[in-house]
Amino acid sequence: RAYPLGAQWDGLGVNFALYSAHATRVELCLFDARGRRETARIDLPGRTGPIRHGYLPNALPGLVYGYRVHGPYDPAAGQRFNPHKLLLDPYARQLVGTLRWGDALYGYRVGHPRADLSFDRRDSAAAMPKAVVVDDAASPGDDRPPRTPWSDTVIYEAHLRGLTMRHPDVPEAERGTFAALAHPSVVEHLVRLGVTAIELMPVQAFLQDQFLVARGLGNYWGYSPLAYFAPEPRYLASGTLDEIRGTVRRLHAAGIEVILDVVYNHTCEGNELGPTLSWRGCDNASYYRLRADSQRYYADDTGCGNTLDVAHVPALRMVMDSLRYWTTAFGIDGFRFDLGATLGREEHGFDAESGFLRALRQDPVLAPLKLISEPWDLGPGGYQLGRHPPGFAEWNDRFRDGVRRYWRGDAWARGELAARLAGSADLFDHDAREPSASINFVAAHDGFTLHDLVSYAERHNEANGENNADGHAENLSSNWGVEGPSDDAEIRARREAVKRAMLATLFLAAGTPMLLAGDEAGRTQRGNNNAYCQDNELSWYDWALAAEPDAQTLTRFVARLAALRRRLRLLRDTRFCHGATSIGGFEDIAWFDAAGSELTRDQWERADARTLNLRRAGTGADGGVDVLSMLFNAGTDAVEFTLAPTELAWTLVLDSAEPDAPERPLEAPRVQVAAHAVVAVLAHRRENAP
């Protein structure tokens with residue numbers, strides 16, 4: 001059968017189907033259980049349009065296989081078939097064996113004067129991982145996903161391996177795997193924080209890049225995809241796919257959704273000088289976007305050497321099939337699309353109505369999920385923040401930068417902070433989108449951790465072996481007096497204050513907050529802002545550090561912020577507020593200075609402004625009116641704020657300068673806000689009250 005693609009066991013045998021529009025012949029290669037010895041080669045006899053297929057009676061799950069695809073080797077015409085190279089099935093569900101770097105992996109003779117125009121006849125099978133047939137009948141079972149509304153969502157971005165490699169309660173054999181993520185101690189930590197979704201960095205099988213292996217390093221982050229349907233083998237302690245299903249179910253039972261960071265914009269095969277591992281050898285011109293001026297070369301909007309052509313049916317179908325597979329087979333709740341702008345590209349550039357974005361939005365399986373885009377790439381017109389269609393949320397780097405600048409004390413930072421606190425309506429208030437479309441974050445995997453933001457003014461990436469030239473040169477950070485660790489009590493206290501202030505800003509802002517794993521406990525990468533190749537203690541979550549007093553204080557504070565967000569509906573509003581709507585006699589949003597007067601245009605334009613009073617009004621849980629004033633002081637001295645209106649009975653519900661202090665009523669409509677601090681005060685008026 002031509003469909004479905006991949007290897008499908010039906011109880012009596014296995015059907016194999018491979019898309020290759022330009023192949024002249026496809027050989028199915030069978031191997032022993034360890035993938036070391038080839039036991040048979042069988043031509044796929046069937047052809048339905050561009051799909052080659054065949055049925056192997058009596059074959060069972062666990063069968064190990066690969067392909068050899070025959071066809072023209074004509075790089076100038078975009079064709080790179082080489083049957084001497086064993087290929088991974090683009091639909092492989094599980095892998096066995098590891099890739100061993102060598103010249104045989106390349107379709108051309110490495111070092112030849114004609115470069116990739118030459119042809120290599122060495123067999124690559126011994127150096128290649130192989131695909132394994134699995135039983136696709138398995139499903140998540142009686143799983144009950146939380147289906148948390150976007151407005152209630154709090155995301156925790158984590159690396160599956162790094163989160164648990166140093167956890168003392170997790171059995172050593174399980175650390176760094178899906179099984180470890182399901183450990184009760186890990187789940188309990190997530191629940192205690194108040195997060196509702198964990199966003200996992202890439203877990204689909206990825207390549208250990210040759211240049212990193214040569215340096216004695218490794219691909220830690222995983223943004224070099226090798227197989228879109230198969231999990232990274234190292235992430236399975238049991239070696240079975242049921243481990244993923246069990247972990248997702250345990251997280252769901254705890255009220256936590258699972259979102260996967262997926263990389264469908266490029267593959268690990270690189271540019272024309274890269275290895276031939278799968279797509280390039282199966283049908284190069286069908287899977288990749290080739291340059292219009294020369295089919296020999298790849299369009300590179302990703303900075304990774306190639307770009308998947310999701311505007312073309314075979315690549316689009318593969319991506320959609322992959323997304324549906326992870327959803328239906330494992331119960332995944334959503335996806336974050338790396339370099340999402342690439343996936344929206346058509347011939348004329350990014351298009352919010354591109355084939356891929358439209359396909360997602362109409363798919364009955366995928367459309368209801370949480371879909372998140374990283375709204376940029378390296379191609380022309382690649383920055384598309386706020387321009388994705390309804391149904392998508394987007395990483396908001398404007399929020400990140402605005403918060404960092406404000407708390408660093410930059411000039412003219414107040415107006416930008418105000419816009420970000422209001423849900424970035426200037427970017428997202430169109431086409432019936434909601435504030436939750438803005439994924440707000442202060443730190444993410446790419447860049448400084450929160451602790452390093454207040455500890456380093458410069459990057460320190462020497463361990464990456466690139467002469468400290470990689471990673472962002474400008475991090476909008478401050479070391480507050482000393483570069484790196486400090487024993488100075490005043491500097492340490494200031495750093496902790498700024499960290500709490502930035503976290504409070506994140507959770508009080510309209511939009512969807514995203515917390516980087518470990519930021520709740522002072523995790524540091526010692527100034528490395530590009531730890532993509534640091535699969536070691538530099539990147540791993542330090543659970544011993546998390547047990548120290550300062551870290552425990554910060555963890556409790558994050559949990560308190562999440563609880564306040566759950567408690568107050570106005571912090572989870574599904575409407576953008578512009579000050580034009582009255583709620584119980586109060587504007588839904590208003591801005592004041594420290595003296596309690598509404599800000600004038602001249603005040604907004606002051607370069608030295610360091611304070612802000614944002615007042616929100618919304619309906620409370622009992623139907624009354626909640627009025628919340630959020631007071632921000634990025635200055636170096638304490639400031640007294642006067643609250644407006646003065647006749648309300650205010651309760652101080654949060655003070656980042658005193659993270660463990662209980663709530664208390666204010667005796668007067670004035671409150672002292674410490675330097676580098678955020679205070680939230682709440683007034684409640686019952687319905688029909690005067």
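The values are calculated or read from the model by the stated rules, or taken from the named source; none is laboratory data. Model, not experiment: these values are computed from the prediction. Note: ideal-geometry Cβ built from the backbone for every residue, glycine included; neighbour counts use all protein chains shown. Remember, those area values only see protein heavy atoms, side chains included, never the ligands or the DNA or RNA. Shrake-Rupley method; radii C 1.70, N 1.55, O 1.52, S 1.80 Å.
Against the numbered list (1) without any contact (Cβ under 8 Å) to a residue 60 or more places away in the chain; (2) open to solvent by 30 Å² or more (accessible area, probe 1.4 Å); (3) among the polar types (S, T, N, Q), Thr524 comes up short only at (1). Here Gly402 does not fit the description of being at pLDDT 95 or above, open to solvent by 20 Å² or more (accessible area, probe 1.4 Å) and within 28 Å of Val678 (Cα to Cα). Does region 531-549 hold any residues that are part of a helix (DSSP H, G or I), in contact (Cβ under 8 Å) with a residue 60 or more places away in the chain and open to solvent by 10 Å² or more (accessible area, probe 1.4 Å), and which are they? Passing the criteria: Tyr532, Trp543, Ala544.
Just a yes or no: is a residue in region 648-669 surrounded by 14 or more Cβ atoms within 10 Å (Cβ to Cβ), under 33 Å from the mean Cα position of the chain (by Cα), assigned to a strand (DSSP E or B) and among the aliphatic types (A, V, I, L, M)? Looking for residues that are surrounded by 14 or more Cβ atoms within 10 Å (Cβ to Cβ), under 33 Å from the mean Cα position of the chain (by Cα), assigned to a strand (DSSP E or B) and among the aliphatic types (A, V, I, L, M), one finds at least one in region 648-669, hence yes.
Could you give me the residue pairs with C-beta distances under 6 Å whose first residue belongs to region 573-597 and is within 24 Å of Val639 (Cβ to Cβ), whose second residue is open to solvent by 30 Å² or more (accessible area, probe 1.4 Å) and aliphatic (A, V, I, L, M) wherever it lies, and which are 6+ apart or on separate chains? From residues that are within 24 Å of Val639 (Cβ to Cβ), the pairs are Ala594/Val639.
Candidates are the residues of region 208-265 that are open to solvent by less than 10 Å² (accessible area, probe 1.4 Å) and of a type in the set (D, E, K, R); the one that is nearest to the chain's Cα centre (by Cα) is Asp261.
Which condition from (1) in contact (Cβ under 8 Å) with a residue 24 or more places away in the chain; (2) surrounded by 12 or more Cβ atoms within 10 Å (Cβ to Cβ) is the one that Gln603 breaks? Failed condition: (1).
Just the residues that are under 28 Å from Arg404 (Cβ atoms) and among the hydroxyl-bearing types (Ser, Thr, Tyr), please, taken from region 623-644. Passing the criteria: Ser629, Thr636. The residues in region 631-647 that are at pLDDT 95 or above and either open to solvent by 80 Å² or more (accessible area, probe 1.4 Å) or charged (D, E, K, R) (or both) can be counted, and the count is 3. Identify, please: which residue in region 46-60 is assigned to a strand (DSSP E or B) and among the hydrophobic types (A, V, I, L, M, F, W, C) and is, among those, farthest from Pro129 (Cα to Cα)? Filtering first and then ranking leaves Ile51. When you check Glu416 against the structure, is it touching a helix residue (DSSP H, G or I) at 6+ places or on another chain (Cβ under 6 Å), acidic (Asp, Glu) and either open to solvent by less than 10 Å² (accessible area, probe 1.4 Å) or under 24 Å from His676 (Cβ atoms) (or both), yes or no? So Glu416 fits the description; yes. When Ala292, Ala285 are checked against the criterion of being modelled with pLDDT of 95 or more and farther than 25 Å from Glu374 by Cβ, Ala285 stands alone in meeting it. Scanning region 550-577 for residues that are open to solvent by 60 Å² or more (accessible area, probe 1.4 Å) and more than 25 Å from Pro669 (Cα to Cα) yields Asp550, Gln552, Arg556, Arg566, Thr574, Arg575.
In region 217-239, the residues that are among the basic types (Lys, Arg) form Cβ pairs under 9 Å with partners that are open to solvent by 10 Å² or more (accessible area, probe 1.4 Å), at six or more places apart or across chains, as follows: Arg234/Arg161. Applying the condition of being open to solvent by 10 Å² or more (accessible area, probe 1.4 Å) and at pLDDT below 95 to region 610-624 and asking which residue is nearest to Ile589 (Cα to Cα) yields Thr619. Exactly one residue out of Ser118, Ser139 is farther than 24 Å from Gln208 by Cα and touching a residue at least 40 places away in the same chain (Cβ under 8 Å): that is Ser139.
Matching residues to (1) surrounded by 15 or more Cβ atoms within 10 Å (Cβ to Cβ); (2) in a loop (DSSP other than H, G, I, E, B); (3) not aromatic (Phe, Trp, Tyr):
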| residue | (1), (2), (3) |
| --- | --- |
| Ala17 | yes, no, yes |
| Cys29 | yes, no, yes |
| Gly62 | no, yes, yes |
| His84 | yes, yes, yes |
| Ala92 | yes, yes, yes |
| Leu99 | yes, yes, yes |
| Gly111 | no, yes, yes |
| Asp120 | yes, yes, yes |
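Is it the case that region 489-501 has a residue that's within 27 Å of Val679 (Cα to Cα), free of Cβ contacts under 8 Å to residues at least 60 places away in the same chain and either under 20 Å from the mean Cα position of the chain (by Cα) or in a loop (DSSP other than H, G, I, E, B) (or both)? No, region 489-501 has no match at all. Under the condition of being more than 25 Å from Ala299 (Cα to Cα) and either open to solvent by 10 Å² or more (accessible area, probe 1.4 Å) or in contact with a Lys or Arg (Cβ under 6 Å, 6 or more places away or on another chain) (or both), the residues counted in region 371-391 number 2. Pairs, please: C-beta under 9 Å, at least 6 apart or cross-chain, first residue more than 20 Å from Gly255 (Cβ to Cβ) and touching a residue at least 40 places away in the same chain (Cβ under 8 Å) and in region 326-337, second charged (D, E, K, R) and in a helix (DSSP H, G or I)? Close Cβ pairs (under 9 Å, with a partner that is charged (D, E, K, R) and in a helix (DSSP H, G or I)) amount to Ala329/Arg245.
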